[in-house]
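Each value in this text was obtained by applying a stated rule to the coordinates, not by laboratory testing. Note that the structure is predicted; figures quoted are calculated from it, not measured. Here the Cβ positions follow ideal geometry from the backbone for every residue, glycine too, while neighbour counts run over all protein chains shown.
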Amino acid sequence: MPISRMILTFAFLALSCSLTNAQQVFTSDKIDYTIELPSTTWRIISEPDAAHEHLEFVYGDRLDGYLQIRKEVVEAGTTAADLARRDRDQKFRFLPGFVEGKEENFLGRLNGVTVSYEFIKTGKPMLGRIYYLQADNRTIYTLRVTGLRDKLARIRNQTDLIARTFKLK
């Protein structure tokens, strides 16, 4: 094998190993699921406790990417799309500068839908993306990600990966 090809092969293997090592599985005794964080830039800022029943992560800074994971207990038969429409009609449409995005089906370890929207916060254009993941006919997990519109758009592949790797214990 020529040396240049060996160097390229070695570089590819080294990059693959570093990408694999950058991913980290997150779990806790206080939650009933695991997720994979695709980068060490993601860090936890809040774990569930008596007052809060959700996890919070940031991607460097809250404006770069802020992720909340919540467990929603709903009426039997409520679908992820039903909850997404209810949230839009009762919560998000009242945000300053709200612009509704599209709803899309989402496939991962848990299936559901995603909803994107834009809004204004402290005069800055923001983007929100919510993953509604259906665990059973009464449980839907929501992964709510917000950040500056341009910055959040750049890490969508990472937020999609986090949602795809969401797995119940």
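The table below lists the values:
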item	result
Table column - 3J(HN,Hα) (Hz), the range 143-149, Karplus curve with 6.51, -1.76, 1.60, x for Gly and Pro	10, 9, 10, 9, x, 4, 3
Relative contact order %, the chain, counting alpha carbon pairs below 8 Å whose residues are six or more apart	22 percent
Cut-off under 5 Å, modelled amide H: who pairs with G108 long-range	none
When each of K121/K151; K91/K121; K91/K124; K30/K71; K30/K121 is checked by Cα-Cα distance, pairs over 21 Å	K30/K121
Over the chain - Rg/Rh using Cα atoms and the Kirkwood inverse-distance radius	1.05
Selected from V113, G97, T139, residue furthest toward positive end of dipole (the range 24-168; charges at beta carbon)	G97
Spin-label pair K102/H52, simplified geometry with 7 Å Cα→Cβ offset, distance in nm	3.4 nm
Distance between modelled label sites at S28 and N111, nm, 7 Å Cα→Cβ extension	3.1 nm
Gyration tensor verdict on the range 119-169 (Cα atoms; rounded if a/c is under 1.5, prolate if a/b is larger than b/c, oblate otherwise)	oblate
Span-rule helices in the chain, defined as complete DSSP H runs reaching 27 Å or more along the axis (Cα) with Kyte mean at least 0.0	3-22
